[in-house]
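Reading through the structure tokens given below for one structure.
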Amino acid sequence: MIDILRKRRSIRIYKEKEIDPDTIDKLKEAALRSPSSRGINPWRFFFVADKAKLARLSEAKEHGSAFLKDAGLGVVVCADERQSDVWIEDCSIASIIMQLAGQEVGLGSCWVQIRNRLHKDGQTSEDYVRNILDLPGNVRVESIISFGYPDEKKPPVPKEQLEFDKIVCVD
Ligand SMILES: Cc1cc2nc3c(=O)[nH]c(=O)nc-3n(C[C@H](O)[C@H](O)[C@H](O)COP(=O)(O)O)c2cc1C
């Protein structure tokens, strides 16, 4: 696991290669194995591989989502807010778990923040995405995780650059 953490970087440029179904199955399993508060599992995961839908999702915000259109897969991470008051935490954990699972099976990935972001003309990114996927109002959208075979290389962050001063050991 520490090796996966060392190598993981946000990857936004992908090869034009389809992600094979076995690999996608592993991402699905990883998502569903995520811990959630009180085991309620309020999440819903929308696995989007359709190019036209990915292109629309890539316009969810003015900045920081354009690369989704060239991804092999976008996973829209949502939750039913009526089921849990900590759905944001649950969705965030599932998002990063999928990213780490993706790293293990050779996929690059990047988190696209949707909650609390704006599309344009005052419309929220959440409403924009909700409209594309035809989601009811109680289904909240936290993130979209883009996946694809990496077409950019990013070196691991050297250990010396980690901000160890942010860790306080309390005796
Ligand atoms: C909560 C969260 C939201 C993020 N939102 C975006 C985003 O909308 N667009 C984007 O390109 N990257 C996004 N990122 C990726 C970060 O920019 C990236 O993780 C950070 O710069 C550190 O780089 P690294 O992942 O390569 O270590 C997000 C990451 C997190 C954890």
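FYI, it's all coordinate maths here, none of it is from the lab. As the structure is a prediction and not an experimental result, all values here were calculated from the model. Heads up, the Cβs are rebuilt from the backbone with ideal geometry, glycines too, and the neighbour counts pull from every protein chain shown.
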Given R₀ = 35 Å, what would the calculated FRET efficiency be for residue 28 paired with residue 59, taking r from the Cβ atoms and rounding to 0.05?
0.85
What FRET efficiency do you get for residue 17 and residue 44 if R0 is 22 Å and r is their Cβ-Cβ distance, rounded to the nearest 0.05?
0.20
Using only the Cα atoms of the range 1-107, build the gyration tensor, take square roots of its eigenvalues as a ≥ b ≥ c, and label the shape rounded, prolate or oblate: rounded if a/c is under 1.5, else prolate if a/b is larger than b/c, else oblate.
oblate
So in the range 2-166, what percent of DSSP beta bridges are antiparallel if you round to the nearest 5?
95
Kirkwood hydrodynamic radius (C-alpha pairs) into Stokes-Einstein, the range 66-171, 4 °C and 1.567 mPa s, D in µm²/s:
82
Points 7 angstrom from Cα along the Cβ direction at residue 170 and residue 83: gap in nanometres?
3.4
For the chain, what are the DSSP H helices with axial Cα length of 20 Å or more and mean Kyte-Doolittle hydropathy of at least 0.0?
87-104
Want the number for residue 160 to residue 113: 0.36 nm per residue separation, take away the alpha-carbon distance, what's left?
14.1 nm
Counting sequence-distant residues (5 or more places) and residues on other chains, those with an amide H built under 5 Å from that of residue 148 are 72, 108
Scoring only Lys, Arg, Asp and Glu (+1, +1, -1, -1) among other residues with Cβ under 12 Å from the Cβ of residue 7 yields +3
On the formula 1/(1 + (r/R0)^6), with r taken between the Cβ atoms of residue 131 and residue 7 and R0 of 35 Å, the FRET efficiency rounded to 0.05 is 0.45
Once you list every other residue whose beta carbon is under 15 Å from the beta carbon of residue 20, what net charge do they have if Lys and Arg are +1 and Asp and Glu are -1?
-2
Length gained, residue 151-residue 66, 0.36 nm per residue minus C-alpha separation, equals 29.0 nm
What does the charge add up to near residue 117, with Lys and Arg as +1, Asp and Glu as -1, over the other residues with Cβ less than 10 Å from its Cβ?
0
